[in-house]
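What follows is a short report on a single structure.
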Amino acid sequence: MAYASHIINHSKRLRNVPKLLRYDHAVLVRWFSNGAQSSVCKREDVAKIRPLGYASAERETVSKFVGSHPVSYCLSKKTLSRTVMRSGIPMDSVVYSRGLLCSQALSSRGFASDAGLPPHQEIGMPSLSPTMTEGNIARWLKKEGDKVSPGEVLCEVETDKATVEMECMEEGYLAKIIKGDGSKEIKVGEIIAITVEEEGDIAKFKDYSPPASDSGAPAAKDSAAPPPPKQEPVEQPASSPEPKTPKPTSSHSEDRIFASPLARKLAEEHKVPLSSIKGTGPEGHIVKADIEDYLASRGKEVSAPIPKTKDTELAALDYVDIPHSQIRKVTASRLLFSKQTIPHYYLTVDTCVDRLMDLRSQLNSLQEASGGKRISVNDLVIKAAALALRKVPQCNSSWTDDYIRQYNNVNINVAVQTENGLYVPVIRDADKKGLSSIAEEVKNLAQKAKENSLKPEDYEGGTFTVSNLGGPFGIKQFCAIINPPQSGILAVGSAEKRVIPGSGPDQFKFASFMSVTLSCDHRVIDGAIGAEWLKAFKGYIENPESMLL
């Protein structure tokens, strides 16, 4: 032992081993074990030291020590970034070293232990969208004991936006499903399944249950905090007790109020102070007649007290509790965050849509002849909004604490209502697309939203939102809530015919007008900028031919 200590302290290559031994003995045991090198990447052990709270200098020492050894079975940074999106491990939780990453960093690798568990891999709930913090298991497509290969779909995960397929990343066998079909509110990173490399190891995980997470320990400690120490009752001095009811004393006989028991009871029921009544009974006693006379003088009718009866119970309400869907919870939290943190203001303008409707009729005739999708008023509104954003780019921005980010791409989110909740699929580069392309893309995305089959790329990356309640529902005008981190949303109402003055004194004509309301984030869009954007939008709607230039 002394000889080994001498080598450790004097070897240049191993001079930092004592520090490593102080941090995590298991790391070095696996490091120097030839049998474990085939199933674990050494850099993963360095990554596992990170959560223990070591100082940056200590982590650097560990990294330098491990950096002197050869590393195998690693992925390039590019490959991992693609793999991370499938497995759902946040990118900021992966430790980079020399531009290479271990594939095992994507999930937790287990090793043989005293419990007799063979090498295995713990699969955690993936993060499949930037806003996802928890998810639901819709259904498993693989059963326990099935062989799995890279690229095969393991299960369907219901995220805050859609239902997404989760693919397997390594070859092996599905030994244990921790979270079965229909499991809800599973935190990102929480273990949902176990895979093993050998088929013979499946039976050893029949009764396996994942260990409790370390993150729950502080909460448990807090919840089990000892109760505050009991305070011993302090005895009051016998000389100063406060009597509940005035009791006569020989020294203060002049302060006593003499009343019959019936008179006292009647006074209490009607809240009459006895001190304000002069008794007419023997030796000045207050009797029932004195209380009745007092009440009569105050204009109150003296009657027998009404016996207290239980209030009639209301009939029980008939109701049904509908569980929150994942998208409903996320929509609620984001809209609440928007109204609480974004200073909204609203600008409304009426636009004449007669020429727009005429152009739409002409274009739809061409579309029907060519077999294309019909163009809706909403498609024309999306195109006009995109061109107005290109003309007034200040509205195509978002707020951060350090700067205002102005986007070069004009990506329009379109609000779509479904049975599952509100979806906002995105039309990318809407300012560069033709009306027929926008019409076809909107219809395809709306159908996918109703089928709950949208993928993250179908709704992420929007810079502005359009919400239309006019055409489908006949709403004249409304104010929409901004979809963060965007700075504006356009609420489109229905078109209605109005009478407008003509050129002569007794002349008039009819025209169709549509009300639109722009909700703005005042931190990003000043009032004059918002008005300038609405002016540009109105110009495109009232002169729709200009959108085709």
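The values are calculated or read from the model by the stated rules, or taken from the named source; none is laboratory data. This structure is a prediction, so every number in the text was calculated from the model and none was measured. Neighbour counts run over all protein chains shown; Cβ positions are idealised from the backbone, glycine included. Protein only, heavy atoms only, side chains kept; ligands, DNA and RNA dropped before computing areas. Shrake-Rupley method; radii C 1.70, N 1.55, O 1.52, S 1.80 Å.
Here are the numbers:
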item	result
Net charge contributed by nearby residues that have their C-beta within less than 10 Å of Ile481 (K/R +1, D/E -1)	+2
For region 409-530, the spread of Cα positions along each principal axis, largest first, Å	59, 34, 29
Peptides 409-419, 146-156 ordered by average Cβ neighbours within 10 Å, highest first	409-419, 146-156
Descending semi-axes in Å of region 161-203, equivalent ellipsoid built from Cα gyration tensor	23, 13, 9
Most to least packed among 317-326, 191-200 [average Cβ atoms within 10 Å]	191-200, 317-326
Coarse-grained scattering of region 421-470 at q = 0.13, 0.33 Å⁻¹, given as base-10 log I(q)/I(0) from a Debye sum over alpha-carbon atoms	-0.30, -1.40
Using distinct alpha-carbon pairs, which all enter the 1/r mean, Kirkwood radius of region 121-204 in Å	12.8 Å
With every protein chain in place, region 121-204: carbon and sulfur % of accessible area (1.4 Å)	43 percent
Loop-located chymotrypsin sites (Phe, Trp or Tyr not before Pro) in region 374-432, at most 11 other Cβ atoms within 10 Å (DSSP)	Tyr403
Sequence ranges 500-512, 123-135, ranked by mean other-Cβ count within 10 angstrom, highest first	123-135, 500-512
Modelled label reach - Lys329, point 7 Å along Cα→Cβ, region 164-181 residues with backbone N closer than 20 Å	164-166, 178-181
Carbon/sulfur fraction of accessible area - region 331-547, other protein chains in place, 1.4 Å, %	52 percent
Estimated translational D of region 331-547 in µm²/s (Stokes, Kirkwood radius over Cα pairs; 37 °C; 0.692 mPa s)	183 µm²/s
